[in-house]
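Structure first, then comments.
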Amino acid sequence: MIWFIGLLIILFACTAADFLPQLRKVAFYASFISCLAIVGFRNMGGSDYIYYLEQYNNIITAPSWEFGYRLIVNVFSWLGFSFSQFVFITSLFCLGLVFKSIRDYSPMPQLTILLYAGSILIFYNMVLMRQAIALSLFVFSIRYIQTNNLWKFLLFNTIALCFHYSAFVAFPLYFIATRIKFSLPSVIIMFVAALIVSFFGVSAVVKICDIVGLHFVGEKMAFYMNSDRTFGVITICKLIVLTAFSVYAYIKGRHLPMMNIFLKMTILYVLCFIMFSKWDVMTRLWMYFEVGYIFMIAIFIKHILKQVYLQFSLYYVLSVFAVYSMVNTVRTFDNGALKKYDFVFKNIDHTYDQYRTPQQ
């Protein structure tokens with residue numbers, strides 16, 4: 001846990017560079033190196049880490065349809081790289097694409113980096129290797145939506161699909177961002193529909209799978225729905241704040257460069273979260289849209305809020321929340337030292353409790 005605290009201190013200190021341009025380059029590379037040190041040299045344990053280790057050592061086989069990941073595993077293994085070296089190199093690739101995108105897209109890169117660390121995204125960089133590669137390729141490809149370069153967007157996301165099947169959700173985004181207009185009435189209708197699905201939709205899909213004979217699919221979905229997860233005040237506040245940001249950004253700033261893309265991604269993220277919050281595996285899909293708000297918020301603060309004191313105040317309120325969120329996320333993989341502070345963390349997810357190392 002102490003390593004994550006160190007990372008948070010560095011990232012939080014680097015946020016000053018968003019208000020002091022002369023520090024921006026140093027802060028950016030310090031943030032990159034710090035994140036790479038945590039992600040690239042990780043050994044977090046848990047079922048996913050062991051799964052990838054066994055794949056690399058040919059104890060088990062990677063899914064056949066994700067042949068991109070199987071290819072790089074075979075190449076690195078054949079070249080004699082250890083699993084730790086393989087993890088570091090893939091982490092360097094993933095974070096390199098993400099940080100390059102942050103520098104290109106965000107007017108406040110240090111805030112975006114902190115929000116990235118405070119979300120589930122950096123956690124997935126440390127746990128889900130195949131999807132981390134796919135997500136990084138997707139983040140990099142967003143630039144081709146802005147430039148209307150469909151073929152390059154399709155190329156990057158087709159490669160991403162070869163690493164994780166979840167990347168298929170990226171393909172419709174190009175057409176949603178460039179062809180479909182979101183109006184406030186349509187968003188309200190989608191919001192109401194999402195609430196209805198959250199109460200009935202997922203359970204209905206499980207029942208339909210059982211009726212038509214897809215028992216394995218139904219059982220798998222029911223298993224993921226059965227996670228011991230409760231969402232407290234903090235998560236509800238996050239959704240409310242993102243909704244408010246989206247509405248205000250739609251009114252005041254949808255004309256800004258790339259705001260339209262990130263605004264739609266944020267709306268889709270909120271809708272997916274509402275609909276599928278009880279279905280744990282769906283986080284693998286909506287995380288592609290979650291990327292949107294870490295950029296949208298930075299654009300919002302920089303270009304829509306005109307008063308410096310408002311920019312500064314909102315910036316650091318969100319920064320503190322990001323720090324809290326990251327601690328809340330990674331504590332499930334620590335040595336149990338934060339277990340006694342569960343009352344502080346209202347978003348309690350016991351899914352990974354079995355992988356904790358018991359505190360001596």
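If you go through the stretch 86-102 one residue at a time, do you hit one that is modelled with pLDDT of 85 or more and outside any helix (DSSP H, G or I)?
For the stretch 86-102, residues modelled with pLDDT of 85 or more and outside any helix (DSSP H, G or I): absent.
For the stretch 128-175, enumerate the residues that are farther than 30 Å from Leu53 by Cβ and buried (at least 18 other Cβ atoms within 10 Å of the Cβ).
Ile142, Arg143, Tyr144, Ile145, Phe153, Leu173, Tyr174, listed by residue number.
Between residues in the stretch 247-261 that are at pLDDT below 80 and residues that are exposed (fewer than 14 other Cβ atoms within 10 Å of the Cβ) and not in a loop (DSSP other than H, G, I, E, B), which pairs lie under 8 Å by C-beta distance while being six or more apart or on different chains?
Cβ pairs passing all conditions: Val247/Leu184; Tyr250/Leu184.
Residues checked against (1) touching a His at 6+ places or on another chain (Cβ under 6 Å); (2) free of Cβ contacts under 8 Å to residues at least 40 places away in the same chain; (3) closer than 28 Å to Cys14 by Cα:
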site	(1), (2), (3)
Leu92	no, no, yes
Tyr144	no, yes, no
Phe156	no, yes, no
His164	no, no, no
Ala170	no, no, no
Tyr174	no, yes, no
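Just checking: which of the helices (runs of 4 or more DSSP H) contained wholly in the stretch 1-72 hold 2 or more residues that are under 25 Å from Lys100 (Cα atoms), within 21 Å of the chain's Cα centre (by Cα) and at pLDDT below 90?
Correct list: 2-14, 24-40.
For the structure I just gave you, tell me whether Tyr144 is within 30 Å of His303 (Cα to Cα), assigned to a helix (DSSP H, G or I) and either over 20 Å from the mean Cα position of the chain (by Cα) or at pLDDT 90 or above (or both).
Yes.
The values are calculated or read from the model by the stated rules, or taken from the named source; none is laboratory data. Quick caveat: nothing in here was measured; it's all calculated off a predicted structure. Cβ coordinates were reconstructed from backbone atoms using ideal geometry, including for glycine residues, and neighbour counts include every protein chain displayed.
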